[in-house]
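Single-structure report; data block below.
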Amino acid sequence: TIDLGGKIDEAVIKALNNTIPQGTEIAVTVGEDVFTTNTTDNKGSFVSDLSNVESGIYNITFHTEGYDDASTILVVNTQLNLTGADDAKVGNKTTIIANVTANEGNVTFYINGKKNQTVRVNNKTASIDLGELEAGNYTVYAEFSDETGKYTPATSEEYSFEITKYATSISLNENSYKIYAKENITVLYEITPNNDDIPVILGIFGGVLN
(Lines give C-alpha, C1' and ligand atoms only; values in the text may rest on other atoms or scores of the structure.)
Protein backbone atom coordinates (compact mmCIF):
# COMPACT_ATOMS: atom_id res chain seq x y z
CA THR A 1 0.00 0.00 0.00
CA ILE A 2 0.97 3.66 -0.29
CA ASP A 3 1.97 5.34 2.94
CA LEU A 4 1.30 9.09 3.18
CA GLY A 5 3.09 9.20 6.50
CA GLY A 6 0.25 11.22 8.04
CA LYS A 7 1.66 14.38 6.54
CA ILE A 8 0.25 16.76 3.97
CA ASP A 9 2.85 19.53 3.83
CA GLU A 10 5.67 17.05 3.14
CA ALA A 11 4.05 13.69 2.47
CA VAL A 12 6.47 10.76 2.50
CA ILE A 13 5.13 8.23 0.05
CA LYS A 14 6.45 4.71 -0.64
CA ALA A 15 5.95 3.33 -4.12
CA LEU A 16 4.40 -0.08 -4.63
CA ASN A 17 7.49 -1.46 -6.34
CA ASN A 18 10.63 -1.26 -4.18
CA THR A 19 12.87 -1.86 -7.23
CA ILE A 20 12.29 1.63 -8.62
CA PRO A 21 15.80 3.15 -8.85
CA GLN A 22 16.87 6.42 -7.25
CA GLY A 23 16.16 9.52 -9.36
CA THR A 24 13.09 8.09 -11.14
CA GLU A 25 10.44 10.73 -11.85
CA ILE A 26 7.09 10.26 -10.12
CA ALA A 27 3.96 12.14 -11.25
CA VAL A 28 1.50 12.71 -8.41
CA THR A 29 -2.00 13.69 -9.59
CA VAL A 30 -4.32 15.31 -7.04
CA GLY A 31 -7.64 16.27 -8.58
CA GLU A 32 -6.70 18.41 -11.57
CA ASP A 33 -3.22 19.26 -10.26
CA VAL A 34 -0.07 17.30 -11.11
CA PHE A 35 3.05 17.40 -8.90
CA THR A 36 6.31 15.87 -10.08
CA THR A 37 9.11 14.57 -7.90
CA ASN A 38 11.88 11.95 -7.94
CA THR A 39 12.65 8.89 -5.89
CA THR A 40 15.25 9.50 -3.21
CA ASP A 41 16.64 5.98 -2.87
CA ASN A 42 16.58 2.53 -4.48
CA LYS A 43 13.56 1.51 -2.41
CA GLY A 44 11.08 3.64 -4.33
CA SER A 45 10.72 6.31 -1.63
CA PHE A 46 10.00 9.91 -2.58
CA VAL A 47 8.74 13.15 -1.05
CA SER A 48 5.96 15.19 -2.63
CA ASP A 49 5.17 18.66 -1.31
CA LEU A 50 1.37 18.88 -1.16
CA SER A 51 1.20 22.02 0.98
CA ASN A 52 -0.72 23.92 -1.69
CA VAL A 53 -3.52 21.36 -1.94
CA GLU A 54 -6.73 22.93 -0.64
CA SER A 55 -9.00 21.24 1.88
CA GLY A 56 -11.01 18.41 0.44
CA ILE A 57 -11.16 14.68 -0.27
CA TYR A 58 -9.27 13.62 -3.39
CA ASN A 59 -8.40 10.56 -5.42
CA ILE A 60 -4.60 10.70 -5.66
CA THR A 61 -2.71 8.80 -8.38
CA PHE A 62 1.02 8.03 -8.71
CA HIS A 63 2.47 7.38 -12.17
CA THR A 64 5.95 6.18 -13.12
CA GLU A 65 6.95 5.15 -16.65
CA GLY A 66 7.38 1.40 -16.87
CA TYR A 67 5.40 0.62 -13.71
CA ASP A 68 1.73 0.17 -12.89
CA ASP A 69 -0.04 3.23 -11.52
CA ALA A 70 -0.99 3.35 -7.86
CA SER A 71 -3.83 5.28 -6.26
CA THR A 72 -5.31 6.07 -2.87
CA ILE A 73 -7.49 8.63 -1.13
CA LEU A 74 -5.98 11.91 0.06
CA VAL A 75 -7.84 13.75 2.83
CA VAL A 76 -6.88 17.36 3.58
CA ASN A 77 -8.83 18.27 6.70
CA THR A 78 -10.87 21.47 6.84
CA GLN A 79 -9.55 24.19 9.15
CA LEU A 80 -11.93 26.57 10.95
CA ASN A 81 -11.11 29.56 13.15
CA LEU A 82 -12.98 32.62 14.44
CA THR A 83 -12.21 36.32 14.70
CA GLY A 84 -14.14 39.15 16.35
CA ALA A 85 -14.63 37.49 19.74
CA ASP A 86 -12.98 40.40 21.52
CA ASP A 87 -13.75 42.20 24.77
CA ALA A 88 -15.89 45.27 24.20
CA LYS A 89 -18.07 47.88 25.90
CA VAL A 90 -21.84 47.97 26.10
CA GLY A 91 -23.20 49.75 23.03
CA ASN A 92 -20.56 48.41 20.67
CA LYS A 93 -21.72 45.97 18.00
CA THR A 94 -20.14 42.50 18.00
CA THR A 95 -19.57 40.61 14.74
CA ILE A 96 -18.11 37.09 14.72
CA ILE A 97 -16.33 35.99 11.52
CA ALA A 98 -15.53 32.37 10.68
CA ASN A 99 -12.61 31.70 8.34
CA VAL A 100 -12.73 28.25 6.77
CA THR A 101 -10.51 26.45 4.26
CA ALA A 102 -13.48 25.43 2.12
CA ASN A 103 -15.21 27.08 -0.80
CA GLU A 104 -18.70 25.93 0.16
CA GLY A 105 -20.65 24.50 3.06
CA ASN A 106 -22.31 25.81 6.22
CA VAL A 107 -21.05 27.27 9.48
CA THR A 108 -23.19 27.00 12.62
CA PHE A 109 -22.38 29.43 15.43
CA TYR A 110 -22.96 28.66 19.12
CA ILE A 111 -23.19 31.42 21.75
CA ASN A 112 -22.86 30.34 25.39
CA GLY A 113 -23.36 26.75 24.29
CA LYS A 114 -26.63 27.42 22.44
CA LYS A 115 -27.13 27.33 18.69
CA ASN A 116 -27.39 30.86 17.30
CA GLN A 117 -27.36 30.84 13.49
CA THR A 118 -26.30 28.72 10.52
CA VAL A 119 -24.67 30.71 7.72
CA ARG A 120 -23.66 29.67 4.21
CA VAL A 121 -19.94 29.91 3.42
CA ASN A 122 -19.12 32.66 0.93
CA ASN A 123 -15.56 33.29 -0.25
CA LYS A 124 -14.27 30.99 2.54
CA THR A 125 -15.93 33.08 5.28
CA ALA A 126 -19.20 33.23 7.20
CA SER A 127 -20.25 35.78 9.81
CA ILE A 128 -22.98 36.71 12.26
CA ASP A 129 -23.86 40.10 13.72
CA LEU A 130 -24.70 39.81 17.42
CA GLY A 131 -25.61 43.48 17.67
CA GLU A 132 -25.26 45.30 20.98
CA LEU A 133 -24.87 42.71 23.72
CA GLU A 134 -25.67 43.22 27.37
CA ALA A 135 -22.85 43.30 29.90
CA GLY A 136 -21.59 39.83 30.76
CA ASN A 137 -19.26 36.99 29.83
CA TYR A 138 -19.77 35.12 26.55
CA THR A 139 -18.36 32.06 24.81
CA VAL A 140 -18.54 31.31 21.08
CA TYR A 141 -17.53 28.45 18.85
CA ALA A 142 -18.55 27.23 15.41
CA GLU A 143 -19.01 24.00 13.47
CA PHE A 144 -18.48 23.50 9.73
CA SER A 145 -20.43 20.97 7.67
CA ASP A 146 -20.69 20.19 3.97
CA GLU A 147 -23.68 18.33 2.59
CA THR A 148 -21.81 17.38 -0.62
CA GLY A 149 -19.18 15.34 1.23
CA LYS A 150 -16.36 17.19 -0.51
CA TYR A 151 -14.96 18.60 2.74
CA THR A 152 -14.40 17.09 6.15
CA PRO A 153 -16.37 18.48 9.13
CA ALA A 154 -14.55 20.90 11.44
CA THR A 155 -15.05 22.52 14.83
CA SER A 156 -13.34 25.72 15.92
CA GLU A 157 -11.81 26.38 19.28
CA GLU A 158 -14.07 27.97 21.88
CA TYR A 159 -13.40 31.67 22.38
CA SER A 160 -14.34 33.75 25.44
CA PHE A 161 -15.00 37.48 25.56
CA GLU A 162 -16.53 39.99 27.97
CA ILE A 163 -18.88 42.92 27.45
CA THR A 164 -18.45 45.54 30.19
CA LYS A 165 -20.18 48.77 31.10
CA TYR A 166 -18.51 52.15 30.78
CA ALA A 167 -17.08 53.61 33.97
CA THR A 168 -18.91 56.95 33.94
CA SER A 169 -19.00 60.08 36.05
CA ILE A 170 -21.16 63.20 35.80
CA SER A 171 -20.17 66.63 37.06
CA LEU A 172 -22.49 69.65 37.28
CA ASN A 173 -21.38 73.24 36.91
CA GLU A 174 -22.76 74.14 40.36
CA ASN A 175 -22.98 72.32 43.67
CA SER A 176 -26.71 72.93 44.12
CA TYR A 177 -29.67 74.75 42.61
CA LYS A 178 -32.68 76.53 44.09
CA ILE A 179 -35.72 76.22 41.89
CA TYR A 180 -38.74 78.45 42.48
CA ALA A 181 -42.26 77.94 41.17
CA LYS A 182 -42.70 78.59 37.43
CA GLU A 183 -39.00 79.36 37.09
CA ASN A 184 -37.05 77.81 34.25
CA ILE A 185 -33.56 76.55 34.93
CA THR A 186 -30.87 75.07 32.71
CA VAL A 187 -28.53 72.49 34.17
CA LEU A 188 -25.19 72.05 32.44
CA TYR A 189 -23.38 68.75 32.94
CA GLU A 190 -20.35 66.94 31.62
CA ILE A 191 -20.23 63.17 31.23
CA THR A 192 -17.09 61.07 31.05
CA PRO A 193 -16.45 59.27 28.78
CA ASN A 194 -18.09 61.29 26.00
CA ASN A 195 -20.53 58.81 24.50
CA ASP A 196 -23.84 59.81 22.92
CA ASP A 197 -25.24 56.32 23.50
CA ILE A 198 -25.12 56.58 27.31
CA PRO A 199 -28.52 57.66 28.72
CA VAL A 200 -28.52 60.36 31.38
CA ILE A 201 -31.39 60.74 33.86
CA LEU A 202 -31.54 63.91 35.98
CA GLY A 203 -33.53 63.69 39.20
CA ILE A 204 -34.83 66.63 41.28
CA PHE A 205 -35.31 65.90 44.94
CA GLY A 206 -36.96 68.29 47.44
CA GLY A 207 -40.24 69.55 48.84
CA VAL A 208 -42.83 72.04 47.73
CA LEU A 209 -41.64 75.63 47.85
CA ASN A 210 -44.10 78.41 48.76
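The values are calculated or read from the model by the stated rules, or taken from the named source; none is laboratory data. On a predicted model such as this, the values are computed, not experimentally measured, just so you know. Side chains included, ligands, DNA and RNA excluded: accessible areas come from the protein's heavy atoms. Shrake-Rupley method; radii C 1.70, N 1.55, O 1.52, S 1.80 Å.
For the cross-link pairs Lys124/Lys165; Lys114/Lys165; Lys124/Lys150, which exceed 26 Å when the distance is taken from alpha carbon to alpha carbon?
Beyond 26 Å: Lys124/Lys165.
How much of the accessible area of the range 33-140, in percent, comes from carbon and sulfur atoms when a 1.4 Å probe is used?
The value for the range 33-140 is 41 percent carbon and sulfur by accessible area.
Want the number for Glu162 to Thr72: 0.36 nm per residue separation, take away the alpha-carbon distance, what's left?
27.7 nm
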